[in-house]
Amino acid sequence: MDCINNLSGCLTSGGLNPALSQFISILLGVVMVTLFPLIIVIFLIWVERKIAARIQDRLGPNRVGPFGLLQSVADAVKLITKEDITPIGADRVVYNIAPILSVVSVLLIWAVIPFTPLHIGVDLEIGVLYFLAVASLATLGIMMAGWSSNNKYALLGAFRSVAQLVSYEVPLVMSLLVPIMLAGTMGMQDIVNAQRGMWFIVSAPISAFLFFIASQAETGRGPFDLLEAESELVAGFNIEYSGMKFGLFFAGEFVHVLTNALLLATLFAGGWVGPFVDQVPLLGIVYLSVKSAVFYLASLLLRNTVPRVRIDQLMNFNWKFLVPVSIANLVVMAFLLKLVQTFGLSPAPDRANDFIANIPQAVILLAGNIALGFVILTYVRNHGRRERLAMETSQSAGQERERIRHMGAVGD
Amino acid sequence: MFELNAQSLTFAVFSILTLGGGAGVVYSRNLIHSALYLIVSLFGVSGLFILLSAPFLAAVQVLVYIGAIAILIIFAVMLTQSMTQMRAILNRQAWLSALVMGLMFVLLVVAVIWPVFGTGGSRADIPVSDMVATTRDLGVALVDGNQYVLPFEVASLLLTAAMIGAIVIARDEDPK
């Protein structure tokens, strides 16, 4: 057990050179953190296909292996053995770097995710900012892929996706500011530690919801998958890619969905926090997996049950709804938090891990969230009613015109 | 003063990325490649920030310059004509510009770097952690009345004005 919690110390006590044992433990960590998502993605694809199939009243993959579990392995083998085609007009170097960049940008996020109290790639002081910076590289990969393919559909798809990714980054950042504010730090491990008493999803549900929606859009999933609208763009930015290069884009997207679930669990649902986690740190992985599985399934449900939006609806929804809501949410939360701290209702530093001591602050913040949510929903309802009325009026006017025109034609 | 260790090797790698990327920006005949080289160069700069124990600046460098500004530059480049084969000489006083830039670089070295590292001796004996501030210090400095709150607010005002100006210019002349 000691060797799992502190590998380099264990190796050193075994008689190894301290510098070498440090190097071995870091190397092992890096290899595990980068390989794990790439291996788990094989099973994630199976999970996703099974769930999508069940929602659509199909069976899903069930031929290769027990329950079709090995279907994705067979698909991966097929992808690897496929011919690797580069279009004649393509910009070779850029074309080949793009899929690598889009996978790496996702894998790099895993470096700052705390799996247990002791196991984290690097506990950066700026963990959340690092995540945002690295995730913004994905946009670059898509842009490079779309441009270098020398294909108009690829370029159109890339334009769409870049517009979408850059826009949805705004509410994403705004919603992330709230857990940073509540924890008073940007380090991932510290943010998880700050949730020992109370999960942030209780005191800031609107932020969690905004983060969920924005990250769904960042992965190009759910109702926001119009960057690969098959009926309009053939396949989107990755149309010219074949074989394993396409597989890399594909794997990158699936790993990104899981990564977002992990981040949601870490930033809002307490990450590895759970009973007995201090005695047995490895339990943290179990808690984190269960929590992120819940968010992952929610993301899959959303993806498979709602229709695709149009590009204007996508932009309107972001700039006229998500961004104002996230700004209002940030202001309300900052004000309430300051209020709570001024009146001494926030838990004392020595009792920060106590559930009871966290209740007053959480209740006040939750009440603020509910009030804000009520205001938003009322506004949305009135807005929707107005638009529906306007549409009905214009529709009936159009029918009237149509009728008169028709009568005129008959009269002739 | 100069010794070969992990830090100087890393410095060399990031310097090569920065300078090589910069050279690529200038020498590439393909505007898109220029923009991509610019990203390599900016990435090298963010690596240098990390070497200087300024992780916040490094992350902001990647987030703002690569994630936003470089993408905007690529967008703008894609809207220009004949972006892949630039043959026209756009700047006829290129040598004059180069001379002015070279002089300014010399001035920078003499005025800024020489006083710090030249006569007064290197400050390598002070541990870096004693000289650099944390992210918290940076945050406090931006809202503290005695420090940078006025420049910070003026800069935000300027950015807001620029944004409103862009909207006004880009807006259609609405007859209604």
Checklist entry - Karplus couplings for the stretch B:50-66 from phi (6.51 cos²θ - 1.76 cosθ + 1.60, θ = phi - 60°), rounded to Hz, Gly and Pro as x? => result 5, 4, 8, 6, 10, x, 4, 4, 4, 5, 5, 4, 5, 5, 7, 6, 7
Checklist entry - Amide H to amide H, which residues 5 or more places from A:ASP225 or on other chains are under 5 Å from it, using H placed in the peptide plane? => result A:VAL309
Checklist entry - What does the stretch A:22-109 give for Rg and for Dmax, in Å, if only its C-alpha atoms count? => result 17.3, 52
Item to check | Which of A:ILE404, A:PHE250, A:ILE239, positive extreme of dipole for the protein assembly as shown (C-beta unit charges) | outcome: A:ILE404
Item to check | Whole-number percent relative contact order across chain A, with pairs defined as alpha carbons under 8 Å at least 6 apart | outcome: 18
Checklist entry - Relative to the Cα centre, what is the charge dipole magnitude of the protein assembly as shown, using +1 at the beta carbon of each Lys and Arg, -1 at the beta carbon of each Asp and Glu, and rounding to the nearest 20 debye? => result 1200
Checklist entry - Relative contact order for the stretch A:269-366: what is it in percent, counting Cα pairs under 8 Å that are at least 6 residues apart? => result 15
Item to check | Only Lys, Arg (+1) and Asp, Glu (-1) charged, at Cβ; the stretch B:133-176 dipole about Cα centre in debye | outcome: 60
Checklist outcome for this item: For A:THR86 and A:ALA74, extending 7 Å from Cα along the Cα-Cβ vector and measuring point to point gives, in nm, a value of 3.3
Checklist entry - For the stretch B:1-89, what class follows from the C-alpha gyration tensor (a ≥ b ≥ c being the square roots of its eigenvalues): rounded when a/c is under 1.5, otherwise prolate if a/b is larger than b/c, else oblate? => result oblate
Checklist entry - Taking a ≥ b ≥ c as the square roots of the eigenvalues of the Cα gyration tensor of the stretch A:56-189, is the shape rounded (a/c under 1.5), prolate (a/b larger than b/c) or oblate? => result oblate
Checklist entry - So, by mean Cβ neighbours within 10 angstrom, what's the order for A:131-144, A:201-214, A:306-319 with the highest one leading? => result A:131-144, A:201-214, A:306-319
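Average partner chain C-beta neighbours within 10 Å, per residue of B:58-68?
Mean partner-chain Cβ count within 10 Å for B:58-68: 6.
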Item to check | Selection from A:ALA138, A:ALA111, A:PHE374 lying farthest towards where the dipole of the stretch A:84-380 points positive, charges on Cβ | outcome: A:PHE374
Item to check | Selected from A:ALA367, A:ALA19, A:ALA298 as most flexible by GNM, with chain A as the system and alpha-carbon contacts under 10 Å | outcome: A:ALA19
Checklist entry - Under the Karplus relation 6.51 cos²θ - 1.76 cosθ + 1.60, θ = phi - 60°, what is the ordered set of whole-Hz ³J(HN,Hα) values for the stretch A:370-384, x standing for Gly and Pro? => result 5, 4, 4, x, 5, 4, 4, 5, 4, 4, 4, 5, 5, 4, x
Next on the checklist: Sequence gap at least 6, Cα distance under 8 Å: using those rules, report the relative contact order of the stretch A:307-412 to the nearest whole percent.
Outcome noted: 21
Checklist entry - Of A:LYS82, A:LYS291, A:LYS50, which is the most mobile in a GNM of chain A whose springs link Cα atoms less than 10 angstrom apart? => result A:LYS82
Checklist entry - 222 nm [θ] for chain A, helices only, -39500 (n - 2.57) per DSSP H run of 4+, per residue, to 500? => result -23500 deg cm²/dmol
Checklist entry - Efficiency by 1/(1 + (r/R0)^6): what FRET value for A:ILE40 and A:GLN313, r their Cβ-Cβ distance, R0 = 35 Å, to the nearest 0.05? => result 0.55
Next on the checklist: For a quick check, take a GNM of chain A with Cα springs below 10 Å and name the residue from A:LEU28, A:LEU69, A:LEU264 with the largest mean-square fluctuation.
Outcome noted: A:LEU28
Checklist entry - How many partner chain Cβ atoms sit within 10 Å of a residue's Cβ in peptide A:120-131, on average, as a whole number? => result 3
Checklist entry - Quick one: if you stick a label point 7 Å off each Cα along the C-beta vector at A:SER394 and A:LEU28, how many nm between them? => result 6.5
Checklist outcome for this item: Per chain A, sqrt(5λ) over the Cα gyration tensor eigenvalues, sorted largest first, in Å, gives 40, 33, 19
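Read the figures in this text as sums done on the coordinates, not as results from a lab. Computed from a prediction, not measured in an experiment: that's the story for all the values here. Glycine gets a Cβ as well: all are built from the backbone with ideal geometry, and neighbour counts include every protein chain shown.
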